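Only one structure is covered here, and it is reproduced in the block below.
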Amino acid sequence: MRNKLLIGTGVAFTLLFSPISQAFAEEPTVGERKQVDNVAHRGATAYAPENTVAAFDLAVDMKADYIEIDVQRSKDGELVLIHDTTVDRTTDGTGKVGDLTLEQLRSLDAGSWKGEQYVGEPIPTFDEILDRYRGKVGILIELKAPELYPGIEKQVAEALKERNLDKPQNEKIIIQSFNFESMKKTNELLPQVPIGVLTSSRAHTTPEALQEFSTYADWFNPSYGIVTEELVNQVHSLGMKIGSWTVRSQEAADFLFKMKVDAIITDYPDYVDPRN
Ligand code: G3P
Ligand code: CA
């Protein structure tokens, strides 16, 4: 009996200092997880076709705090959700988004490339998505390649204003882009809506660059490869928040928790909150 007790104590002691227990010790607590926004990148993209209602509904089911959407414009001026500037990769069609009418875009199958169960899933419109998800989940709106669509900032602003989504209590709307001029313009059109700047370039992490972003942006959103604790502190000291992308592994999610970012943009909402 005494031997068993000694062995048990020994095993417990060994485990306490083993790499396994160290790994568990570093896992974020429930409280730490709750402080970080779980942003479903193009929806729950790991499991359903990106930028479709199927992926956004799944993200809501998985208790994401935000869905991230990519907004572009059809030939006849309608705002639609798609990531690439051509339809080739994610639909059964070909051609540039801006060369196709809404009717042509809506006739495409944006689901079957991801699996048979998604056959016929259409490219959503921006209006449809605002109406469907407002108040249910936050919406992180990316203006994708806005330089291709002159005036898209105003169009997005109008769509938000029509729905009263341009106010501080705006049901969690953020607008972001890699195009900084477009974000400056958007900030002027929608002064009360939080703005984010996207980058994967270290050149944009200098104190000067960050200071300039902070004059119009509320979020600095870098790819996780350039995130450091120092960068997070700098961003915070300028009064901005930091959201990072694109998480496709548990290790990457855990790294960003450790860096104390404010939002994790992920294809796998379950890596950010495994309880869901
Ligand atoms: O939200 C961040 C992320 O969406 C930026 O990259 O290419 O997936 O639009 P991308
Ligand atoms: Ca995006």
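Here are a few things to note about the model shown:
- Estimated vicinal HN-Hα couplings, Hz - region 145-152 in sequence order (Karplus 6.51, -1.76, 1.60; Gly, Pro = x): 6, x, 4, 7, 10, x, x, 5
- Residues of region 31-74 with amide N under 17 Å of the 7 Å Cα→Cβ point at Ser223: 41-42
- Cross-link pairs exceeding 18 Å between alpha carbons, from the set Lys172/Lys260; Lys34/Lys167; Lys144/Lys184; Lys34/Lys144; Lys34/Lys258: Lys172/Lys260; Lys34/Lys167; Lys34/Lys144.
- Listed residue (Leu190, Gly98, Phe257) projecting farthest to the positive dipole end of the chain, Cβ model: Phe257
- Descending by average beta-carbon neighbour count within 10 Å, the peptides 226-233, 255-262 line up as 255-262, 226-233, the highest first.
- Extension gain, Leu148 back to Asp76 (0.36 nm per residue minus Cα-Cα distance, nm): 24.6 nm
- Highest-first packing order for the peptide set 83-89, 125-131 is 125-131, 83-89, based on the mean count of other beta carbon atoms within 10 Å.
- Ellipsoid semi-axes for region 155-242, based on the Cα gyration tensor and the rule √(5λ), read 25, 12, 11 Å when sorted largest first.
- Cubic angstrom per residue, convex hull over Cα atoms of region 54-196: 100
- Radius, Kirkwood style, for the chain when every pair of distinct Cα atoms is counted (Å): 20.0
- Burial order of peptide ranges 214-221, 117-124, 162-169 (average beta-carbon count within 10 Å, highest first): 214-221, 117-124, 162-169
- Less than 5 angstrom separates the built amide H of Asn51 from those of Gly43, all sequence-distant by 5 or more or on a different chain.
- Over the chain, DSSP H runs of length four or greater, each weighted -39,500 (n - 2.57), average out per residue to a 222 nm ellipticity of -10000 deg cm²/dmol.
- Spin-label model, Lys63 to Arg89: label points 7 Å out along the Cα-to-beta-carbon direction sit 3.1 nm apart.
- Close amide H pairs (under 5 Å, H built 1.01 Å from N) link Ile67 with Ala40, Gly138, Ile139, Leu140, residues at least 5 positions away or on another chain.
- Nearest-0.05 FRET efficiency for Glu103 and Glu212, computed from C-beta distance (R0 51 Å): 0.75
- The Cα center of region 189-257 and the Cα center of region 55-79 differ in position by 21 Å.
Computed from the coordinates by the stated procedures, all read-outs in this text should not be read as laboratory data. Note that the structure is predicted; figures quoted are calculated from it, not measured. All Cβ positions, even for glycine, are placed from backbone atoms using ideal geometry, and neighbour counts span all protein chains on display.
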